[in-house]
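Input: a single structure, listed below in structure tokens.
What follows is calculated from the coordinates using simple rules that are stated; it is not laboratory data. The structure presented is a predicted model; accordingly, all values stated were derived computationally and were not measured. Reconstructed Cβ throughout: ideal geometry from the backbone, glycine too, with neighbour counts over all protein chains shown.
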Amino acid sequence: MQTIQPESSTFKTFLQKFKPIDLPFIYRDSYSLTLVDINNLPKLDSNSSDTLFLKSEFPDETYCYGILTDTANFYSLIYLFPADALYPVLVTYTKTGKLIDKTYLSVNGCGSDAGLTYCSSTSIINKDLTVFCADTVKYDFICDSVGKEIPNSSEILIDTKKGRLTKNGKIIMGQIHNSKQKTTP
């Protein structure tokens, strides 16, 4: 039988930055809709012990979103990382604060490509700890290799991936599945 060591006081203090999240966890963000109010969320502090628990390119712009309830043998934290939009990242730790695993809860994300008129990202962690992520992108037109608009080339792309959080805190994600649908003007 494995003995679980009590977490350090530094890690315990760090965990207080995260609000409890009941499952299912659902995160949705798009150009036109953001369901997360970041105004009251704490951020990582690059001048503190926060950097012991997560390496981030922009720690002072990384939000501490929440902690999943309850995984008995490990902690599951959700961060919001900065990019064109905020995107969720799931990170698991031992009870003593050692990193177990990390995964982005988006598929490809959004960008600012020519012709892009809509982008949304949805992430779900279910009560059984299965994970589903989907990104939907709509282009009114696509450009060729030299940047010229291709006539009648509007399309919708949907990228998905599924996975699960194991009993020991590992995160297993499957392959990305792509679907493409032409749209009519």
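Some points to look at:
- CD proxy at 222 nm, helix term only [per DSSP H run n ≥ 4: -39500 (n - 2.57); per residue of the chain; nearest 500]: -1000 deg cm²/dmol
- Estimated vicinal HN-Hα couplings, Hz - the stretch 76-82 in sequence order (Karplus 6.51, -1.76, 1.60; Gly, Pro = x): 10, 10, 10, 10, 10, 8, x
- Inter-probe distance in nm under a simple model that places probes 7 Å from Cα toward Cβ, at residue 162 and residue 149: 3.9 nm
- With each label modelled as a point 7 angstrom along the Cα→C-beta vector, the residue 117-residue 56 pair spans 3.5 nm.
- Cross-link check: pairs 12/55; 98/161; 55/170; 43/98; 17/98; 55/127 evaluated at a Cα-Cα cut-off of 23 Å; pairs beyond the cut-off: 98/161; 55/127.
- What you get for the chain, charging only the Cβ of Lys and Arg (+1) and of Asp and Glu (-1), is a dipole of about 740 debye around the Cα centre.
- The stretch between residue 28 and residue 96 holds 21.4 nm of extra length on full extension. This uses 0.36 nm per residue minus the Cα-Cα distance.
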